[in-house]
Every structure is written in C-alpha cells, then in structure tokens.
1. Given the structure, is Ala9 free of Cβ contacts under 8 Å to residues at least 60 places away in the same chain, under 20 Å from Ala116 (Cβ atoms) and open to solvent by less than 60 Å² (accessible area, probe 1.4 Å)?
2. Residue check: is Ala187 open to solvent by less than 80 Å² (accessible area, probe 1.4 Å) and either modelled with pLDDT of 90 or more or touching a strand residue (DSSP E or B) at 6+ places or on another chain (Cβ under 9 Å) (or both)?
3. Given the conditions (1) under 22 Å from Ser118 (Cβ atoms); (2) open to solvent by less than 50 Å² (accessible area, probe 1.4 Å), and given that Glu22 satisfies all but one, which numbered condition is not satisfied?
4. Could you please find all residues in segment 50-99 being assigned to a strand (DSSP E or B) and of a type in the set (D, E, K, R)?
5. Cβ-Cβ distance below 6 Å, separation of 6 or more or different chains: which pairs start in segment 12-23 with a residue that is under 11 Å from Glu132 (Cα atoms) and at pLDDT 75 or above and end on one that is open to solvent by less than 70 Å² (accessible area, probe 1.4 Å) and among the β-branched types (Val, Ile, Thr)?
6. Has segment 151-171 got at least one residue that is crowded, with 17+ Cβ neighbours inside 10 Å, at pLDDT 85 or above and either closer than 28 Å to Ile81 by Cα or charged (D, E, K, R) (or both)?
7. For segment 35-67: of the residues being open to solvent by 50 Å² or more (accessible area, probe 1.4 Å) and in contact with a Lys or Arg (Cβ under 7 Å, 6 or more places away or on another chain), which is farthest from Tyr101 (Cα to Cα)?
8. For residues that are β-branched (Val, Ile, Thr) and within 24 Å of Thr50 (Cβ to Cβ), scanning just segment 68-124, find the one that is most open to solvent (accessible area, probe 1.4 Å).
Amino acid sequence: MSATDTTQATKDRMRTRERAREKDRVLRDLDKAWRGFIDSTKGIPASLMTEAGVVNNWSVRDLLAHISAWDRMTTRVTMQIIRGDQPEWPVHLQKFDDLNYEADKNLSVTEARNRALSAHKALVEMLDGKPEVRAEWVRGAAINHYAEHTAHILAWRQAHPQISAPAAVRSGEAHGEEASAASVSSAHDNVPSR
C-alpha cells in the first residue's frame, strides 16, 4: 500500500468514526428530548388531557398524536433519503398538521400515547440501524420539535395549579436550548433533495 493509499485510508476511518460519533450524539439528544416531552405529560389528570388550549385549540392528547404523525413522517422521509429517492416531505406543513388533527381528534388518550410511543420507537430503531444520520435534519424534525411542544405543555401546566409540576423535564438538556429552537419547518428546509 502506498503512502497516499495509507493516508486516504486513515482519512476514511476518521470520517467513519466522526459519523458514528455524530450518530451517537443525535440518538442521545433524541432520547433526552423525547423523555422531556413524555415527562411533561406525566401527572396530568385524564380529565385534562383533552382540554384545548395547550397550543391553540390542541390538547395534550392532540400533541401526542401530532408528534406521532411527525415521527412517522420523519421515519418515512429518512428511509426515502437513504434509498436515494426524492424525499416526499409535506408541501404544506399546516395542511399536514390539520389533516392529521382531523384524523386523530377522536383518539383516546391511551391510543394517542401508544401511537406516539410506537412511532418514536420506530424512528429510533430506524436511525440506530443506519451507519450515519443527517444530524441537522433530525434535530429539527424531532429533537427540537419535542422541545418546542414540551415547552407548550409546561406553560399550559403552569396555568393549572391543580396539576403538580413534573418531577423532571429533560428536553432542554438535549441541546441547551428551550422552545426557541428550530421547529419542524426548519427541518423541512434541511431535507436534502437526494
């Protein structure tokens, strides 16, 4: 092997290790933000889980269903990118949200929570099975999205003194920011065309 080949092989190994480290960071941050989101919903009485007003007319149950829809979309789009297909991201984000809200507005709290847990698990398993992830995009589509809605739920909880504060909410730990982080729309902007 020539010196040039050895140098190139070393650079390739270093790039591979950095991609693996970045993937580990993304998965760790994704887990922290997810736990923060789920923690923010704990201890809310079932009678208040469907109360509108957390985000406009959405309830905590609606946010669980909303996150579920976005995690399913993120998984699907990521798989399209990995296959080399043109990603089919929703053209109109508000329309996507509105259609999913209409489809899911009659879910029980348990169904909404289970869908959110299932969709998140599928997203994590898909990302974990890949050699690398598009960190900036995953941060916007999932990590920052969780943090954004965690902040909404926590603010709503403060308006309800009968609901005790959750023991710990870890979403901000994932990236050192609050809900001002980039939202799903910024994730959409970061989806590569191929």
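The values are calculated or read from the model by the stated rules, or taken from the named source; none is laboratory data. The structure presented is a predicted model; accordingly, all values stated were derived computationally and were not measured. Every residue, glycine as well, gets a Cβ built from its backbone with ideal geometry; the counts of neighbours run over all protein chains shown. To get the accessible areas, we keep the full protein, side chains included, count just its heavy atoms, and leave off ligands, DNA and RNA. Shrake-Rupley method; radii C 1.70, N 1.55, O 1.52, S 1.80 Å.
1. no
2. No: the conditions fail for Ala187.
3. (1)
4. none
5. Matching pairs, first to second residue: Lys23/Val133.
6. So far as segment 151-171 goes, yes, one or more of its residues are crowded, with 17+ Cβ neighbours inside 10 Å, at pLDDT 85 or above and either closer than 28 Å to Ile81 by Cα or charged (D, E, K, R) (or both).
7. The extreme case among them is Arg35.
8. By that ranking, first place goes to Thr110.
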